[in-house]
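The values are calculated or read from the model by the stated rules, or taken from the named source; none is laboratory data. Nothing here was measured: the structure is a model prediction, and the numbers come from that model. Note that we place each Cβ from the backbone using ideal geometry, even for glycine, and neighbour counts take in every protein chain shown. The protein model used for the area step is the full one, side chains on, heavy atoms only, and it has no ligands, DNA or RNA in it. Shrake-Rupley method; radii C 1.70, N 1.55, O 1.52, S 1.80 Å.
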Amino acid sequence: MWEKRPVIFLVLATAAILVGTIVTMVLPFAWVNTDADRIEGVKPYTALQQEGRDVYIREGCNNCHSQTVRPLVSDVLRYGEYSKSGEFVYDRPFLWGSKRTGPDLARLGGKYPDEWHYKHMESPRSMVPKTNMPDYGWLADNQLDPHMIQRKMEVLDFPFTADEIKGLNGKNEMDAMVAYMQKLGSDIPWRQATETTIVGDLVNPYPNVDHATMEPWEEIYAANCAACHGEHLEGVIGPELVGEAYDEETLFTLIYTGIQDGGMPSFASLGTDKVWKLVNFIKYYNQGENH
Amino acid sequence: MEKVDYNYAIVRSFVTWSIIWGVVAVLVGVIVSLQMVDPDLNFPPYLTFGRLRPIHTNAGIYGWGVGSIFATFLFIVQRLCKVPLWSNGLAKFQLWFFNATIIASAVTLLLGYTTSKEYHEMEWPIDVMIVILWVAFAINIIMTILKRKDEQMYISLWYMMASLVGVAILFLVNSAAEPVSLFKSYSAYAGTNDANVHWWFGHNAVAMALTAPPLAMFYYFLPKSTGVPIYSHRLSIVAFWSLIFMYLWTGAHHLLWTPVPDWIQTLAMGFSVMLIAPSWGSVFNGYLSMNGQWHQMRENYLVKFLILGITFYGLQTLQGPMQAVRTFSAFIHYTDWVPAHIHMGTMGWVSMIAFGSIYYLTPRIYGKQLYSIPLANLHFWLILIGQLIWSISLWVAGVLQAGMWNAMNPDGSLTYTFMETMVEMYPYWWARAIGGVIYFIGVLVFIYNLVKTVGKGDEESSEQALAEGRA
Ligand code: HEM
Ligand code: HEM
């Protein structure tokens, strides 16, 4: 019997291990990453983006950030269109992660302007005071090594041009990281497709609100807008916000849907109530005690 | 009876080194838990959370976990086969190569040479070292078994051998990569395939490193400690074969709701739930072996460690299958709930069994009685309390976080921004760090006790220590 025959035992144990292995690990190669999965528009990484990805791996960003949006309501509302298999065919290795200490980054590309990323990477807490993300400003001190990057592109079999490699001279790891961040999830035109539309009439639920009521709303502004529009609405990455410049509906629409090509994110995920509070805050808060 | 010349020297060395790496793991664990509450504790480029966390996990699983597996297996295999090790030279090589591999891993991870794949972060040159290490270990164990005196192979040997082949297959397949340089390689698989291969590896690393070997230890050291044989041989046969058959189907429960094909996810979910049966087969076998012996829970500190360990294994294997169900996964995946699951397994199950086993071994390999049983009891309570604080606070945190991530306003929008949910975690992360410190103090008590034992002047013969058995 097997209990007395170690060699037979080893063969049997190996066989037991191989059954599930073959079905769930080997067989899927027949379906995954085949033509059925391919999505037009998904492109390999450029040399700069790939280097950014390698820095992301080196720094272990995946220990805090996931990169897959699940087809669940709360995931899609928070992060955007859910992830498709075909979007990852150039990812070696995959970086889906297993823990969201920070937010998912699968749909990050195009969410913020480059400038936001440079500032945020250098000092996350200057943008988001309570975050626990470490500072990565020192990445800007590390120059890229075009020779090495070319080798990587060759091993990966990604297309590149000599000019592209030459263009890496003088760039640093921070540039590479930001380029990578902007590529994430933006190969499919999901932002345009899911552009938020507002249905129904826009009616301010807080008409003629007084200053005292608005006071706590400043926190909503501070948490979501101040990093780009300045603590006192004076403008930093985004422009100065001048209350009188807009009527209520325009302001609501601007905040709710964002300005996609201008680097102003959509804040539909805040919900209509908070957006209305912001509208009132921006338009009336600074206009004295009573308006 | 002829006297067998067992090699205890190698067991002593492995016990020492596994504890050293265990201290490193727990210490780095405390550091990363503090970095999560205070980002000023990151010191770039080397000492940032992103680089230290993998050092914590790998030192924990490979340094402490696999180190103590090496120590106990090299002991158990000699005793169960009633012959000395096949090759003492090979075992010595294994010891120093093991330490070299762990040191090389820690240094390269600090320098940022990583594949990013969880529990397989080390770059390809270290993969090669790990393969050599494992082959050396496997040959020694298998050859010792082949020349054994006792024809019948005891349960512990089955689990050992299964993990020898299991780890080899998993590791080789998941290592496949194209090197760019000595310190950088790209996975041979891409995207969804890579994810699926990796979690087939990841989950079965849990099976072959953190389940089968501690079970081998449990099946050996529990009867040795109580003096009563295991309850049912037949139950252990059924549990063994179904466990190693089923585990391999479940990797995709780490990938529920991702782009991995649905049918793989569904199979993973089904097999995960079925896994309760063989897992609890061992739990019951352990509990029923205690029939009429429960008073030993009070009198025998070894039994306390082993029975609490198997109890955490039982809880772990109920919680795991629950997490593998799609609806529950949708809720807790990515949250702090999952680290709580992990640490009940690693700090509760794996470490409890390893501590119990080392307490059993120490008097026998040094021929000296344990310095202090009260200190062993103190150690027990400190690590139990530390771990419970760790896990319970993060279960609560995970549920809270999941609830906030999913909360919706009446108009169908999200109630909380990401940061509003994240700041709620800080008190729980503090509690976890405190639990970790308590656990760490427990480990220091353990080491103090062992150092005192080894340094004791009053040598007794190992025969005496063996006879005294249930110290
Ligand atoms: C029947 C047995 C078990 C099942 C079905 C199971 C199931 C699971 C599931 C579904 C997850 C993923 C959670 C998520 O990310 O959403 C998980 C994570 C994990 N489990 Fe278990 N578990 C079992 C036993 C164990 C045991 C005994 C250990 C021992 C320490 C363990 C250690 C881990 C670890 C380390 C992870 C984290 C993987 C990661 O990095 O994401 N599990 N388990
Ligand atoms: C004092 C004891 C310990 C403390 C304070 C501690 C702390 C931590 C922390 C803070 C994390 C990161 C969690 C996150 O990213 O949210 C972590 C992860 C982890 N630890 Fe520990 N740990 C301890 C003991 C151990 C031991 C003894 C082991 C293994 C034998 C272990 C294995 C792991 C694993 C596998 C993970 C990865 C979790 C994941 O993938 O989600 N830990 N630990």
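Each other residue within a Cβ distance under 11 Å of A:Arg78 adds +1 if Lys or Arg and -1 if Asp or Glu, for a net charge of +1. Considering only alpha-carbon pairs that sit under 8 angstrom and 6 or more positions apart, the relative contact order computed for the range B:1-188 is 24 percent. Take each residue in A:53-59, count the other chain C-beta atoms within 10 Å of its C-beta, and the mean is 5. The value of relative contact order for the range B:155-307, using C-alpha pairs under 8 Å at least six residues apart, is 26 percent.
Ordering of B:401-412, A:124-135, B:192-203 by packing is B:192-203, A:124-135, B:401-412, highest average first (other Cβ atoms within 10 Å, averaged per residue).
Legend: mean number of C-beta atoms from other chains within 10 angstrom of residue C-beta atoms, peptide B:137-143, equals 1. Under the rule that an exposed site lies in a DSSP loop and has at most 12 other Cβ atoms within 10 Å, name the longest stretch of chain A with no GluC sites (Glu not before Pro) of that kind, not counting the sites themselves. Segment A:41-194 is the longest.
Rounded to the nearest 10 degrees, the angle from helix B:88-110 to the longest Cα principal axis of chain B is 20 degrees. Specify the inter-centroid distance of the range A:35-58 and the range B:311-373, based on alpha-carbon positions, in whole Å. Value for the Cα centre distance between the two parts: 38 Å.
On association of chains A and B, roughly 7800 Å² of accessible area becomes buried (total for both chains; probe 1.4 Å).
Antiparallel DSSP bridges in the protein assembly as shown: what percent, to the nearest 5? Of those bridges, close to 90 percent are antiparallel. Simple rule: put +1 on each Lys or Arg Cβ and -1 on each Asp or Glu Cβ in the range B:297-423, find the dipole, and look at B:Ser329, B:Gln369, B:Ala397; the Cα lying farthest toward the positive end is B:Gln369.
On a per residue basis, the protein assembly as shown carries 39 Å² of accessible surface, using protein heavy atoms and a 1.4 Å probe. Taking the 1.4 Å solvent-accessible surface of the range A:125-166 as the whole, the part contributed by carbon and sulfur is 53%.
To put it simply, the accessible area of the range B:196-471 at a 1.4 Å probe is 71 percent carbon and sulfur.
The magnitude of the dipole of the protein assembly as shown, with charges of +1 and -1 set on the Cβ of Lys/Arg and Asp/Glu and taken from the Cα centre, is near 4200 debye. For the range A:82-104, a reduction of at least 50 Å² in accessible area between the chain on its own and the assembled protein chains (probe 1.4 Å) is found at A:Arg92, A:Pro93, A:Phe94, A:Trp96, A:Ser98, A:Lys99, A:Arg100, A:Thr101.
On the range A:211-286, 51 percent of the accessible area sits on carbon and sulfur atoms, based on a 1.4 Å probe.
Computed on the range B:288-428, the Cα convex hull volume stands at 140 Å³ per residue.
Its relative contact order, with pairs defined as Cα atoms under 8 Å and 6+ residues apart, puts chain B at 15 percent. Using only Cα atoms and rounding to the nearest 10 degrees, what angle (0 to 90) does helix B:49-58 make with the longest principal axis of chain B? Once rounded, one gets 30 degrees.
Taking the longest Cα principal axis of chain B as reference, the axis of helix B:351-366 is set at about 20 degrees.
Within the listed set A:Lys152, A:Lys166, A:Lys277, the Gaussian network model of chain A (springs between alpha-carbon atoms below 10 Å) gives the highest mean-square fluctuation for A:Lys166. Projecting the Cα atoms of B:Tyr113, A:Tyr256, B:Met246 onto the charge dipole of the protein assembly as shown (Cβ charges, centred on the Cα centre) puts B:Met246 farthest toward the positive pole. Under the combined filter of DSSP loop state and at most 15 neighbouring Cβ atoms within 10 Å, the range B:1-89 retains these chymotrypsin sites (Phe, Trp or Tyr not before Pro): B:Tyr46. Legend: Rg and Dmax of chain B, from Cα coordinates, 22.2, 82 Å. Of all lysines in the structure, those lying under 17 Å Cα to Cα from A:Lys43, and not within fewer than 8 positions of it along the same chain, are A:Lys84, A:Lys152, A:Lys183. Helices in chain B, meaning DSSP H runs of at least 4 residues, each add -39500 (n - 2.57). Divided by all residues, the mean residue ellipticity at 222 nm is -23500 deg cm²/dmol. For the segment B:165-174, counting C-beta atoms of other chains within 10 Å of every residue's C-beta and taking the mean gives 3. Please give the residues from the range A:13-28 for which the solvent-accessible area of heavy atoms, probe 1.4 Å, is smaller by at least 10 Å² with all protein chains in place than with the chain isolated. In the range A:13-28, residues shielded by partner chains: A:Ala13, A:Thr14, A:Ala16, A:Ile17, A:Leu18, A:Val19, A:Gly20, A:Thr21, A:Val23, A:Thr24, A:Met25, A:Pro28. The spacing between the range B:19-80 and the range B:233-307, judged by their C-alpha centroids, is 25 Å.
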